[in-house]
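**Q** What follows is a single structure, and I will ask about it in a moment.
The values are calculated or read from the model by the stated rules, or taken from the named source; none is laboratory data. The model shown is predicted, which means the values in this text are computed figures rather than measured ones. Ideal geometry is used to build each Cβ from the backbone, glycine not excepted, and the neighbour counts take in all protein chains shown.
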Amino acid sequence: MSVTPVKSLQHGFSIIEVLCAMVLFSVVMLALLGYHRALQQGFQSQWQTRMLWRLALEMSEPDAPLPTRAWKVSQQQTSAAGCVSITVTITSPGGRNGQLSRWYCPQK
């Protein structure tokens, strides 16, 4: 009885397959990081816009305290016909501008 030798089969991946997988993984990770950065910038921009309008509304109240130094605030008051107009111009640290005007009239 003669025994024929069995060829050993190699298991695993070739170097080409590993390199292709690494390139694909790198491309996907770079795309996800770019998407994450864009989302983060969008959230930051939205937060600054909301903060700008909230501070402008607060600053349009009489005797409002000033915000931090990073925010630039200009406040003007004018009187006409017994009413007071307060105009607030505010600039965020990111450069966004907003202007809000309110009238205060005494109750008769």
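**Q** Please enumerate the residues belonging to segment 89-107 that are over 16 Å from the mean Cα position of the chain (by Cα) and either of a type in the set (G, A, S) or farther than 16 Å from R69 by Cα (or both).
**A** Matches in segment 89-107: G98, Q99, L100, S101, R102, W103, Y104, C105, P106, Q107.
**Q** Go through segment 59-105 and count every residue that is free of Cβ contacts under 8 Å to residues at least 24 places away in the same chain, outside any loop (DSSP other than H, G, I, E, B) and among the aliphatic types (A, V, I, L, M).
**A** 3
**Q** Condition check: modelled with pLDDT of 85 or more and out of contact with any helix residue (DSSP H, G or I) (no Cβ under 7 Å at 6 or more places or on another chain). Does V88 satisfy that?
**A** So V88 does not fit the description; no.
**Q** Which ones in segment 74-100 are surrounded by 15 or more Cβ atoms within 10 Å (Cβ to Cβ) and either closer than 19 Å to Q48 by Cα or of a type in the set (F, W, Y) (or both)?
**A** Residues satisfying the conditions are V88, T89, I90, T91, S92, G98, L100.
**Q** Quick one: is Q44 of a type outside the set (A, V, I, L, M, F, W, C), surrounded by 11 or more Cβ atoms within 10 Å (Cβ to Cβ) and either at pLDDT 90 or above or part of a helix (DSSP H, G or I) (or both)?
**A** Yes, satisfied.
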